[in-house]
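Structure first, then comments.
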Ligand code: HEM
């Protein structure tokens, strides 16, 4: 007898007010830091829920804040500005950014304009956040504004000789509201991809909701530099996200078929996997438009320095102290490492590596990024990096090193983190069926490999982006135009002296967010994708260097 086919209902759309019992109402365990996970153990459960995770029995039944039309982007438009008592934060942000590129605050601070702004922040009242809790869009906007203020403040702090050995202090007017609302969203108190992209874009016609292709993301709300490049950097990432909604839909449909795993299911899965490959190529095409729309010099010299988090100097980093709350925490015994070394909190700044989209595709296709015992992991590991495996470790037989995904989970909103952890423990994984039926249904294995080929192509094309935007820029001096915007145009002589030394930057020395050795890491992500294939890779295999 053919089993009755009952497709699951589509995921629910996000709603404006937090509904009663919504698991976002529970502070996530993120807020509990430990010695091995300074920013909190990534988990879906709340510390007030006695370890019980929210009810996520099936991918379709839980509220993962994943919208059928917009994917990980909120289904309802982001709000543009906070009013009432929170206007003071918005005004501080306006003043920091200035009215035109080059008119706002400068990295390293030191000018009268920078100092006056900093004094204003230090004297700003500690505004109550209780009224924000009625609405997710309000909470999200508050997080965006406060983390931008925190980064503006941190990076206008006068530089100390490298390596920086004093933590940067974030004043209570920012740190207290920020530490209060961050756990409500399940985000760290630092700028994340959610702040720069997911909660920071508006559609072409803001009076209508986001949709592709008729009303795509077109402008950004908060910005460090006010440059066109920064706006496009965020907007193109958001277009990748909305294009990803179709990939998520195909994955959900596939999971529904996996429950049945009959002949019809296998035929449908084959079709969905081929479509998924097309969708991944589409995301890669959109990513490549960065080359046309974002100036690599602007990105590297003007924009990226603002992204740096408390851990940007690698193991030598001194972190950020969130004043008003961290001084109390420092005297407690919770985090002996930070206490003993007088270090602040070690958060990374924003990166598209924090987007849940590619990680979801990886998990769905079972691309395993956890290190094998044979691999020399010491060079991929930072001293301050978490070394204890969280409960969500995908493969207990592997080394207990936290993977990039596990670290990135900490920077995703709680519902998206929950979505990924749930996907990784799904009871009917795709790969198992593909391997099991490889002989009887070779077209399924072929379609599975086609999707992996597309993911590998995405990674190779993304690698080119990283080469242009980071490596090439690290090896050459900024133009006069950019030096003027940086306020270093008069330092030609000094720059010439540095030139020779700097142009010799070795590939192996270039690091990504949180200090990851960039090339080794990206090459490894590509190679792990190839390893997952059932047959031999068919496309060209580029030497990534
Ligand atoms: C100018 C554009 C971009 C630059 C300069 C860039 C740079 C980087 C860098 C440096 C990393 C290494 C990890 C880190 O430092 O955080 C990284 C990782 C990553 N990026 Fe990008 N990225 C860009 C655009 C994108 C876009 C649009 C996407 C998504 C569609 C994306 C997805 C990823 C993913 C998933 C990783 C993790 C590594 C992997 O899974 O292969 N990136 N990116």
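Bear in mind these aren't lab numbers, they're just calculated from the coordinates by the rules spelled out. Keep in mind the model is a prediction, meaning the values are calculated, not measured. In this analysis, Cβ positions are derived from the backbone assuming ideal geometry, glycine residues included, and neighbour counts consider all displayed protein chains.
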Quiz item: Relative contact order, percent, of segment 237-283 when contacts are C-alpha pairs under 8 Å separated by at least 6 residues?
Solution: 53
Quiz prompt | residue 428/residue 68 FRET efficiency (R0 30 Å; Cβ-Cβ; nearest 0.05) | solution = 0.90
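Given the Cα-Cα distance of residue 439 and residue 536 and 0.36 nm per residue of separation, how much length would full extension add, in nm?
Contour length minus Cα-Cα distance gives 33.4 nm.
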Quiz item: By average Cβ neighbour count within 10 Å, what is the ranking of 135-146, 434-445, 273-284 from highest down?
Solution: 135-146, 273-284, 434-445
Quiz prompt | Global geometry of segment 196-341, whether rounded, prolate or oblate, following the gyration tensor of its Cα atoms and the 1.5 cut on a/c | solution = oblate
Practice problem: Determine, for each peptide in 105-112, 186-193, the mean count of other beta carbons within 10 angstrom over its residues, then list the peptides with the highest first. | Solution: 186-193, 105-112
